[in-house]
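> Okay, here's the structure, questions in a sec.
The values are calculated or read from the model by the stated rules, or taken from the named source; none is laboratory data. A quick note: this is a predicted structure, and the numbers were derived from the prediction, not measured. Positions of Cβ are backbone-derived with ideal geometry, glycine not excepted, and every protein chain shown enters the neighbour counts. Heads up: the accessible areas ignore ligands, DNA and RNA and are worked out on the full protein's heavy atoms, side chains in. Shrake-Rupley method; radii C 1.70, N 1.55, O 1.52, S 1.80 Å.
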Amino acid sequence: MELNFPDIDGPVAQRGIGIIAPFDLALERELWRWVPLEVSLHLARTPYEPVPVSVAMAELVSNATHLVSATHNVQHVDPEVIAYLCTSGSFIKGLEYEKSLCDTICQAGARDAVTTSGALIEAIRALELTRLSVITPYDEVLTLKLHDFLAEAGCTVIRSNHLGLGGGIWKVGYRTIAERIVAADDPQAQAIFVSCTNLPTYDLVEPLEQALGKPVLTANQLTMWACLGRMKLPMMGPGRWLQDVF
């Protein structure tokens, strides 16, 4: 029997992104929606910590020992870049600490490394933003740590809105998130940043950008954008202000 398939040699060559996720990540499906079909995501998680979402948790899940172990767990499939997919864990101690997380991942064998908060800074600089509104699911203390991180990067928080959640962040409905984003908007803000990789946002970005007339930047979106930019691949899905930056 003669086989007459269009590509008998196999599928499009797979390209990989390694993901180091906090133990409570529940939005893997959202991550896949941002990437092209030829990209596979290879996940490793930090160890479970019996603490609520807080400053303490952000410090625990960004522990260098955990990042090294997680890097080793995905390194054998040879990802082109490894992302530390956690906003609070990468902004909690400022810009130098964020950079140190990338250095730790690379020293553990990664070809390249990204963090969620580092991707935020890249987007701020690429879009020349100096004034942001922010929405977070965190308590006030952790939200103010984000303000400090942005201030260190030269970006002023014009208005802020936080949900005050200690867990179950992935369960928040789109309506609540959209209402909070609109409430956080301000005419002086050049963009809105929605923090936390466990807060669902994919289907809200495009309609809210159209309604508000400015970028709506979200944690998972920015992380995937930064990874794909390093791979010279386009980001799928919404986020028109970011599409042509890399």
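> Carbon and sulfur atoms: what percent of the 1.4 Å accessible area of the stretch 120-218 do they account for? Please report the intermediate quantities before stating the final value.
Numbers: 1950 of 4130 Å².
The C+S portion of the solvent-accessible surface of the stretch 120-218 is 47 percent.
> What is the dipole size for the stretch 46-122, taken about its Cα centre, with +1 at each Lys and Arg Cβ and -1 at each Asp and Glu Cβ, in debye to the nearest 20? All intermediate terms of the calculation are to be shown ahead of the outcome.
Details: 3 positive and 9 negative charges, 23 e Å.
Computed charge dipole of the stretch 46-122: roughly 120 debye.
> Ala191's amide H: which non-local residues (gap 5+, or another chain) put their own amide H closer than 5 Å, with H modeled 1.01 Å from N in plane and none for Pro or chain starts?
Those qualifying (amide H under 5 Å, at least 5 residues apart or on another chain) are Ser133.
> Still on this structure, I have one more. Give a residue-ordered list of calculated ³J(HN,Hα) values for the stretch 72-85 (Karplus: 6.51 cos²θ - 1.76 cosθ + 1.60, θ = phi - 60°; whole Hz; x for Gly, Pro).
Per-residue couplings from phi come out as 4, 5, 10, 5, 5, 9, 6, x, 6, 8, 10, 10, 8, 8 Hz.
> Quick check on packing: order 212-222, 147-157 by the mean number of other C-beta atoms within 10 Å, highest mean leading. Each step should come with its number before you reach the end.
Working: 212-222: 23.7, 147-157: 17.2.
Per-residue mean Cβ counts within 10 Å order the peptides as 212-222, 147-157.
> With charges set only on the Cβ (+1 for Lys and Arg, -1 for Asp and Glu), what does the dipole of the stretch 120-218 come to about its Cα centre, in debye to the nearest 20? Please report the intermediate quantities before stating the final value.
Numbers: 8 positive and 12 negative charges, 24 e Å.
Dipole size: approximately 120 debye.
> Relative to the longest principal Cα axis of the chain, at what angle does helix 116-126 sit, 0 to 90 degrees, rounded to 10?
In the chain, helix 116-126 runs at an angle near 80 degrees to the longest axis.
> Which of rounded, prolate, oblate describes the stretch 12-123, given a ≥ b ≥ c as roots of the alpha-carbon gyration tensor eigenvalues and a/c under 1.5 marking rounded, otherwise prolate only if a/b is larger than b/c? Kindly include the intermediate steps, with their values, before the conclusion.
On the way: a/c = 1.55, a/b = 1.43, b/c = 1.09.
Prolate, since a/c reaches 1.5 and a/b exceeds b/c.
> Amide H neighbours of Thr156 under 5 Å, counting only residues 5+ apart in sequence or on other chains, H built in-plane at 1.01 Å?
Arg131, Leu132
> Which residue fluctuates the most in the chain, going by a Gaussian network model with Cα springs under 10 Å, if the choices are Val182, Val141, Val55?
Val141
> Out of Pro200, Leu163, Leu233, whose Cα points farthest toward the positive end of the dipole of the chain (charges: +1 Lys, Arg; -1 Asp, Glu; placed on Cβ)?
Leu163
> Now for a separate question. For the stretch 178-186, what does the Karplus curve 6.51 cos²θ - 1.76 cosθ + 1.60, with θ = phi - 60°, yield as ³J(HN,Hα) per residue in whole Hz, taken in order and with x for Gly and Pro?
3J(HN,Hα) across the stretch 178-186, in whole Hz: 4, 4, 5, 5, 4, 5, 7, 5, 8.
> So, how do all the Cα-to-Cα distances of the chain break down into 10 Å bins, in percent, from 0 on up?
In whole percents, the pair-distance histogram is 8, 33, 37, 16, 4, 2, 0.
> Rounded to the nearest 20 Debye, what is the dipole magnitude of the chain about its Cα centre when Lys and Arg each give +1 and Asp and Glu each give -1 at the C-beta?
Numbers: 18 positive and 28 negative charges, 70 e Å.
Dipole about the Cα centre, nearest 20: 340 debye.
> Now, a different point. Against the longest alpha carbon principal axis of the chain, how many degrees, from 0 to 90 and to the nearest 10, is the axis of helix 202-212 turned?
The helix 202-212 is inclined about 50 degrees to the chain.
> I'd like the carbon and sulfur percentage of the solvent accessible area for the stretch 28-78, probe radius 1.4 Å, heavy atoms only, ligands and nucleic acids excluded.
57
> Per residue, how much accessible surface does the chain expose to a 1.4 Å probe? Answer in Å², no decimals. Before the final figure, lay out the partial values.
On the way: 11080 Å² over 246 residues.
Accessible area per residue, the chain: 45 Å².
> With viscosity set to 1.002 mPa s and temperature to 20 °C, compute the Stokes-Einstein D of the stretch 120-218, Rh being the Kirkwood radius across alpha carbon pairs; µm²/s, no decimals. It would help to have the intermediate numbers written out before the result.
Values: Rh = 13.4 Å.
After rounding, the answer is 160 µm²/s.
> Find out how many positive minus negative residues lie around Leu142, taking Lys and Arg as positive, Asp and Glu as negative, among other residues whose Cβ is under 14 Å from that of Leu142. The partial results should precede the final answer.
Values: positive: Lys93, Lys145; negative: Glu59, Asp139, Glu140, Asp148.
So the surrounding residues net to -2.
> Next question, about the same structure. Can you give me the long-range amide H partners of Asn161? Hydrogens built in the peptide plane at 1.01 Å from N, cutoff under 5 Å, separation of 5 or more residues or another chain.
Val134, Ile135, Thr136
> Right, another one. In whole Hz, with x marking every Gly and Pro, tabulate ³J(HN,Hα) for the stretch 38-50 from phi via Karplus 6.51 cos²θ - 1.76 cosθ + 1.60, θ = phi - 60°.
7, 9, 9, 9, 10, 9, 10, 10, 6, x, 4, 10, x
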